[in-house]
Amino acid sequence: MSGDERYTIGDLARRTGLSVKTIRYYADSGIVPPTDRSSAGYRLFDAEAVARLELVRTLRDLGVDLAAIRRVVDREVPLHEVATTHAEALAAQIRVLRLRQAVLTVAARRGAGPAEVDDLHRLAQLTARERQHLVDDFLDSVFTDDWMPYPGVVVSMTPELPDDPSAEQVQAWVELAELCRDPGFRTSMRRLARQYAADNDVPGLPRPDAVAIVRDEVAGALAAGIDPTGDEAEPVVAAVTRRYARLHGLPEDADLRQRLLDRLVLANDPRRDRYLDLLSVINGWSGGGAVAPAVDWFVRALHARMRLKDRSQPNQVIA
């Protein structure tokens, strides 16, 4: 491109893909002024004006307003300062759009009505301090008093939404916040926490609770599709009861099986798995896998054997 070459508005339109009307507007407003005029009075532009117009087109494509563009092309401010300002503004807009997307996605998935959509929207817009207050209130209601000896458990249950969350993380937060406010879920989790504390009522490192033992021992049976009520399940049931009894210094008797059953029936709550799944998404952790299938399998296996044992007991004769 020769430095002496001149271009009409039509030439610029063909080169840049912009309309003649747009280029004329930029010329009239002084953003890309003409270099001179032809003998017939038509506006002409040199190579510098062409480069200036291409910069204006790029900045407009990026959403920069015309006032800021004028200051850049007139060299009143450096381009990088304008880029920084607009990048920050776009980041804020993206965060707002992610919140809206999260609310609408959850609402659509549930078929939510107006009241629920409003509630979801308020949860998504909570400030960091408001989110922390909601979470602290939930955890305080679950891990009450001083009977919980392992503060690391509380930390492992704490969601921390990042400053720039993904749409998936915002969706997870909205659903988890609803769980935190659910009185029934709070009660269930509080009872689970107490059972955990009861299974770790001696000094030293925390021991696996009933749920962890079942998760470990039942995994193979689940993968193999073993019927929990069948004979093939017996070694798995025996392994769980034996390990639980050994860890807690208890005899492998009917009382132990009833204790296990009481704990596992309470733990067999899909909301617990859901909370942990959502927690992993929010905190960017790898998912640990659901425990409900293993717990459900073992509860069925234990129920079947306890019923069988009850039927095998001879009827007592009352004198």
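The values are calculated or read from the model by the stated rules, or taken from the named source; none is laboratory data. Since the model is a prediction, treat every value here as computed from it, not as a measurement. Note: ideal-geometry Cβ built from the backbone for every residue, glycine included; neighbour counts use all protein chains shown. Protein only, heavy atoms only, side chains kept; ligands, DNA and RNA dropped before computing areas. Shrake-Rupley method; radii C 1.70, N 1.55, O 1.52, S 1.80 Å.
Residues in the stretch 107-131 that are over 19 Å from PRO162 (Cβ atoms), within 18 Å of the chain's Cα centre (by Cα) and not charged (D, E, K, R): ALA107, ALA108, LEU120, HIS121.
Residues considered: ALA197, ALA210, ALA221. Of these, the only one that is touching a residue at least 60 places away in the same chain (Cβ under 8 Å), over 30 Å from PRO165 (Cβ atoms), surrounded by 14 or more Cβ atoms within 10 Å (Cβ to Cβ) and of a type outside the set (Lys, Arg) is ALA221. For beta carbons closer than 8 Å, sequence separation of 6+ or different chains, a first residue in the stretch 243-262 that is part of a helix (DSSP H, G or I) and a second that is buried (at least 16 other Cβ atoms within 10 Å of the Cβ) and of a type in the set (Ser, Thr, Tyr), the qualifying pairs are LEU256/THR241; LEU256/TYR244; ARG257/THR241; LEU260/THR241; LEU260/TYR244.
Results for (1) modelled with pLDDT under 90; (2) open to solvent by less than 60 Å² (accessible area, probe 1.4 Å); (3) of a type in the set (S, T, N, Q), shown as yes or no for each residue.
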position: ASP231; (1), (2), (3): no, no, no
position: PRO235; (1), (2), (3): no, no, no
position: GLY249; (1), (2), (3): yes, no, no
position: ASP255; (1), (2), (3): no, no, no
position: ASP273; (1), (2), (3): yes, yes, no
position: LEU276; (1), (2), (3): no, yes, no
position: TRP285; (1), (2), (3): yes, no, no
position: ALA319; (1), (2), (3): yes, no, no
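Among the residues here, THR58 does not qualify as hydroxyl-bearing (Ser, Thr, Tyr), modelled with pLDDT under 85 and surrounded by fewer than 16 Cβ atoms within 10 Å (Cβ to Cβ).
Taking the stretch 36-55 as the range and being open to solvent by 60 Å² or more (accessible area, probe 1.4 Å) and of a type in the set (Phe, Trp, Tyr) as the test, only TYR42 passes.
Being open to solvent by less than 60 Å² (accessible area, probe 1.4 Å), β-branched (Val, Ile, Thr) and part of a helix (DSSP H, G or I) is a property that does not hold for VAL265.
Whether any residue in the stretch 106-114 is open to solvent by 60 Å² or more (accessible area, probe 1.4 Å), in a helix (DSSP H, G or I), free of Cβ contacts under 8 Å to residues at least 24 places away in the same chain and closer than 30 Å to ARG6 by Cβ is what I want to check. Give the steps one after another, and end with the answer.
Restricting attention to the stretch 106-114, the residues satisfying the condition of being open to solvent by 60 Å² or more (accessible area, probe 1.4 Å) are 108-111, 114.
Subset that is in a helix (DSSP H, G or I): 108-110, 114.
Filter once more, keeping what is free of Cβ contacts under 8 Å to residues at least 24 places away in the same chain: 108-110, 114.
Narrowing the set further to residues that are closer than 30 Å to ARG6 by Cβ leaves none.
No: the stretch 106-114 contains no residue that is open to solvent by 60 Å² or more (accessible area, probe 1.4 Å), in a helix (DSSP H, G or I), free of Cβ contacts under 8 Å to residues at least 24 places away in the same chain and closer than 30 Å to ARG6 by Cβ.
Determine whether the stretch 184-192 contains at least one residue that is outside any helix (DSSP H, G or I), aliphatic (A, V, I, L, M) and in contact (Cβ under 8 Å) with a residue 12 or more places away in the chain. Checked against the condition, which is being outside any helix (DSSP H, G or I), aliphatic (A, V, I, L, M) and in contact (Cβ under 8 Å) with a residue 12 or more places away in the chain, the stretch 184-192 yields no hits at all.
Among the residues of the stretch 92-103, the ones that are free of Cβ contacts under 8 Å to residues at least 60 places away in the same chain and buried (at least 16 other Cβ atoms within 10 Å of the Cβ) come to 0 in all.
Residues ALA27, ALA49: which one is of a type in the set (Gly, Ala, Ser), at pLDDT 85 or above, over 30 Å from GLN169 (Cβ atoms) and part of a helix (DSSP H, G or I)? Explain how you work it out, then say what you get.
Details: ALA49 fails: at pLDDT 85 or above.
Only one candidate passes the filter, namely ALA27.
Every condition in (1) more than 49 Å from the chain's Cα centre (by Cα); (2) open to solvent by 40 Å² or more (accessible area, probe 1.4 Å); (3) at positive phi; (4) not polar (S, T, N, Q) holds for GLY63 except the one numbered (1). On the basis of being at pLDDT 85 or above, of a type outside the set (Ser, Thr, Tyr) and closer than 30 Å to ALA49 by Cα, does VAL72 make the cut? Yes, satisfied. Evaluation of LEU126 against the conditions (1) under 22 Å from GLU168 (Cα atoms); (2) at pLDDT 85 or above; (3) not in a loop (DSSP other than H, G, I, E, B) shows that the sole unmet condition is (3).
Evaluating ALA13 against the criteria (1) assigned to a loop (DSSP other than H, G, I, E, B); (2) without any contact (Cβ under 8 Å) to a residue 12 or more places away in the chain; (3) touching a helix residue (DSSP H, G or I) at 6+ places or on another chain (Cβ under 6 Å) leaves one unmet condition, (1).
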